[in-house]
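See structure below.
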Amino acid sequence: MNQDKTQQIQQQIQTQDQNQAPYSINGVSYNQQQYYMIMQQQQHPNFYHQNIQQQSPQSMAVMQQMQQQNMPMQNMAMQNMAMQNIPMQNMAMQNMAMQNMAMQNMAMQNMPMQNMQIQQLQSTLLQKDGQISRQDQKIKENEAEIEKLQKKLEEKETELKKIKKDSKSQIDGLNTKLEEKNDEIKNNDQRIIRLQKEKTDIQNNITKELNNKIAVLEKELIQKEDEILSQKSTINRLEQQNQFLNGKQPDIERQFKQSNEQFDAEKKKNQQALKLQREQYEVVIKKLNEDLEQQQQQIEQLSNQQEKEHKSFMDARDEITKLQQRLQNLQKDLKIKDESINNLETRVKDLKFQFEQEQQKLKTSQEMVTQLQEQQGKLNQEYRKYIENLQSNTKPDNKSKQEFEKNLQQLQNGIQNNIQQKQQQMQILEEQKKKEYEDNKIKQKQFQEQRDYQKKQENKLIKEMLMKRTKESLEEFGKLDICYVVDCTKSMEPYIEQARSCVRESLKIIKQQTNRDTIMSSIAFYDMEQKPPGGYHQFTFSNNVQDFEKFITSVPIVGGQDPPEDVKGALQQMIDKLKWMNKFKIAILITDCPCHGKRYHNMVNDCHPQDDIEEMLYRLIDQQIVLIGFNLNQKTIQMYEEFKKIYEKKNASDLFLYVDVAGLSVNQLAEKMAKSLGNASVNATQVKSSGTKTKNPQQQKERPKNKDGAMEALCKQGDFYNFEKTQIQVVDTEFTVLNVTINDQVFAANLKTINNIGRQKDYVITEEGKWQCIRTADPFAFGMMKDVFLMKKKKGGADELYVIKTPLGGQPYKTQEQTVQECRSHLVCQQLMKKFKQDIQDAKDQQKILDFKYPNVIYSDFLILKEKQDRYWIAERFFKGEFVKYNNNYGYINDDITEINKFAQAFSYYTFYISGGNYMVNDVQGVGHYFTDPAINTVRGDFDETDIGEEGIKMFLVNFQSKKSLPFEILQLLNITEE
């Protein structure tokens, strides 16, 4: 019965709920059961479940029925049992319960929007919590990185302190050594000056003593000769008297005979006395000669001692230079360390700034979260208060509802204002950060501009220095001294005018062919008897052509007593009295008669037949004066033939130029003289001589005419690719092959001081395996400094040919260290060529130049072949093609306008530029795009045997001035042209 009533009541309540107006959430209608299910899913509390024990039994039944509708998962049986135990009350109580439920429903209808906003706030808080968590993680990472950087900074500071301490001790030690060396040099200078003074005093004393003794002997000898002449005169007089008295009295004859016998006895006595005196003089002279020889030995010993002192001085100076270079390197390392520490400090500051920014943002976010949490607490408090009011009031309270909605709206407005404020703060922070970023960009730009300006200033200083060096080179090696030694006797009158006429044209030709300015002088000579008291007429060195021409035309023409002329005296005056000022010197001999001495002509009439000019020619050779001899007629042919023999004997044929102008009309002589002078200037300045120069006199002596490098000498041998199929003897052998290069970091650190490269640890040596090979048993070709063998791999290609280089004598190197050191020049140039091409490519990319192409030149790899423990060879791959020499180490520059020649000349000047003028790569040569056998001229002049030093660099710079158009495009691209 009760059970049926309970079901009836439930059906009645459900019917009433279904008949009520639907609930609305965000404009969507729901029944009561759906509404409560949605609210339960949104995790809102069952507010009507509170204080349910205080309700009447009927209200409890209704509340339980509502609870059943809101909690479908509860047990229906339990609810039915509860309903059976509830007594039915009066209808008024049911109506009250229904009103209470209606009020609660009304409250629930007004809550959805607030609950949604709270849920959005909670979602926002969760996002903020995630952001805070990520920021915390980032802060921890930054703190770890800062700690790591601080630790690294401490290590660097410790290392820097240690380096500074070590450097300070090293610098103090070096300064002490420097002071000691300076004191030693000062003492050596004083000692050398003292020795030179002693040497001069000894020489003067010996000379004075010898002159005095010789004068006394000469005086005594003259007296004896006078006595002999007097005796001869007496004899002649007595003979005349004897003839006069012949035929007279016997007593007179007897007297005469007695007188004659007396005279003979006197004469014999005088002769014996004279002989004895001469023997005494000879003993004295011999003793004087012995004393002179002893003095000369003492002088020689002093000279040797002076040379040793000078060598010690030079060694000390070299050691000082090395110490100064080491000091500079230490200072450079300190500068690099300081820059590294500054960079680390800057980075730490940036990270600290970022950390502070993140901390500020975190603090702001935490404050925002705290405010949101406080506002959420207030909202929850108002919400609970409102629910309590609803539950405590039996009637709907519109005032409470309005007050709750007002408070709720205030909270929402406050939250919205806080959110806007925080957004504004975040926006301000973002703008500040953006501004800081822009400021940093501006600072970086300013820093980059400052670096570019410094680089530009550095380049400007380098260019100024190079221009100064070029000017010095032109001053020292860009001029040519020429002396016209002209025979001004009567027969030479027509030729003198031609000599004057050729001057202007010869100066033009010399400038075109050698890029040298000419300084002129002249000696106008005759024969010995016509020589003026003060010497022959001379014109001292000058570049004034008009003054020179006036001098030639104003010299008086004089006749001679015999055909030969005083050529020897003219050359002697030219050497002794003219002040030769420049490196290159030319003497032009213009005469129609030979010099004195029967050796030089077949003429009958020669007042000085025993005269000889050979020693004077030796003086010309010693002073490197090029002599041009113009043969005007048949009279001077024999003289010039003897000149040739003398020069050949001294191995100086390149210092004598014979020009035969016999048979030419007088009007043709000027043109011929000008051209000959141009050729002589080319010989003197060696601008057309492409051979490599060496400082080793032994190599010059062994192969004086061979100026070729190893590869160039090989290429002149013709076709040799199939050498093993010819009659050439070959040997089988096995090589351990090592590839050698220079360490990139070592090269970069010593770019301007390549002399420091050379330690074994500076090289990277890798083993490539073992090769079974055949090679020529003997050298196949001979260069100036190397012998050349040919080698092939047994399993290699038909065209895979290798060139093996050894020192002169065909014997391999003894150690690996010696072999590697021999590769140094080639390996340095290999690295320089890589940098040169990379700089060209970088300049192209920076300037966005697409159509500029350059040859892909390389210095081929060098291989070290180990045959046995004490037998090492140097090998490189040989490539077919024409061997071309683009420049040498003494100023020769190829004139070809090919792209590869332009590239080669640019490479030489580029190395001079990037080294700050410390060195220059020359002897640029090779086959096709494969360069080999370079030479490097350094300021110090001690890199290797082909390092001619500053002289080689300056010779290139002088000749380069007339060839600058060749590499101009490449140098302009690299911005290293002279301004």
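The values are calculated or read from the model by the stated rules, or taken from the named source; none is laboratory data. Owing to the predicted nature of the structure, the values given are computational and were not obtained by experimental measurement. Don't worry about glycine lacking a Cβ; one is built from the backbone with ideal geometry, like all the others, and counts go over all protein chains shown. With ligands, DNA and RNA removed, areas are computed over all heavy atoms of the protein, side chains included. Shrake-Rupley method; radii C 1.70, N 1.55, O 1.52, S 1.80 Å.
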| message | Between segment 918-961 and segment 843-913, how far is it from one alpha carbon centroid to the other, in angstrom? | response | 12 Å
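Where the accessible area of segment 583-643 is counted over protein heavy atoms with a 1.4 Å probe, how much of it, in %, is carbon and sulfur? Mind dumping the intermediate values first?
Values: 1110 of 2270 Å².
Of the solvent-accessible surface of segment 583-643, carbon and sulfur hold 49 percent.
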| message | I want to check the label-to-label distance for residue 550 and residue 869. Put each point 7 Å from Cα in the C-beta direction and report it in nm to one decimal. | response | 8.2 nm
| query | Which value, in Å² rounded to 10, gives the accessible area of residue 630 with a 1.4 Å probe and all protein chains present? | reply | 0 Å²
| request: May I ask you to compute the full-extension gain from residue 432 to residue 834, defined as 0.36 nm times their residue separation minus their alpha-carbon distance, rounded to one decimal in nm? | output: 140.1 nm
| query | Ranked highest first by average number of other Cβ atoms within 10 Å, how do 919-931, 843-855 line up? | reply | 919-931, 843-855
| task | Determine the alpha carbon to alpha carbon distance for each of 471/837; 471/577; 848/954; 479/902; 752/880 and list only those over 31 Å. | result | 848/954; 752/880
| query | Among rounded, prolate and oblate, which fits segment 564-623 when a ≥ b ≥ c are the square roots of the eigenvalues of its C-alpha gyration tensor, a/c under 1.5 means rounded, and a/b larger than b/c means prolate? | reply | prolate
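Which of the peptides 586-597, 445-456, 481-492 is most tightly packed, and how do the rest follow, going by the mean number of other Cβ atoms within 10 Å of each residue?
586-597, 481-492, 445-456
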| Cβ crowding within 10 Å averaged over residues, with 870-876, 749-755 ranked highest first | 870-876, 749-755
| query | So how much slack lies between residue 930 and residue 965, counting 0.36 nm per residue of separation and subtracting their Cα-Cα distance, in nm? | reply | 10.2 nm
| message | I need the shape label for segment 821-960. Rule: rounded when a/c is under 1.5, else prolate if a/b > b/c, else oblate, with a, b, c from the alpha carbon gyration tensor. | response | oblate
| said: Once you keep just the Cα pairs under 8 angstrom separated by 6 or more residues, what percentage relative contact order results for segment 442-592? | reply: 34 percent
| said: Output needed: percent of Cα pairs per 5 Å distance bin for segment 501-629, bins running from 0 to the one holding the longest distance. | reply: 2, 9, 18, 21, 20, 15, 9, 4, 1, 0
| note | Surpassing 24 Å at the alpha-carbon level, of the pairs 716/853; 441/834; 688/963; 508/649; 649/693, are 716/853; 441/834; 508/649
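Rounded if a/c is under 1.5, else prolate if a/b is larger than b/c, else oblate: which is segment 900-955, with a ≥ b ≥ c the root eigenvalues of its Cα gyration tensor? The partial results should precede the final answer.
Numbers: a/c = 2.42, a/b = 1.48, b/c = 1.64.
Oblate shape, in that a/c is at least 1.5 and b/c is the bigger or equal ratio.
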| said: Per residue of segment 582-588, what does 6.51 cos²θ - 1.76 cosθ + 1.60 with θ = phi - 60° give for ³J(HN,Hα)? Whole Hz please, x for Gly and Pro, Karplus curve as stated. | reply: 10, 5, 9, 9, 9, 10, 10
| Which parts of segment 742-782 would a label at residue 814 reach, counting a residue when its backbone N lies under 19 Å from a point 7 Å out along Cα-to-Cβ? | 760
| field | Heavy-atom accessible area ranking, 1.4 Å probe, most first, across 685, 766 | value | 766, 685
| Largest to smallest accessible area among 467, 711, 581, 603 [probe 1.4 Å] | 581, 467, 603, 711
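In Å², and per residue, what accessible area does segment 841-952 have when probed at 1.4 Å with the other protein chains present?
Spelled out: the 1.4 Å probe surface of segment 841-952, per residue, equals 38 Å².
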| Extension gain residue 289-residue 849, at 0.36 nm per residue separation less the Cα-Cα distance, in nm? | 193.5 nm
| note | For 613, 948, the accessible-area ranking with a 1.4 Å probe, largest leading, is 948, 613
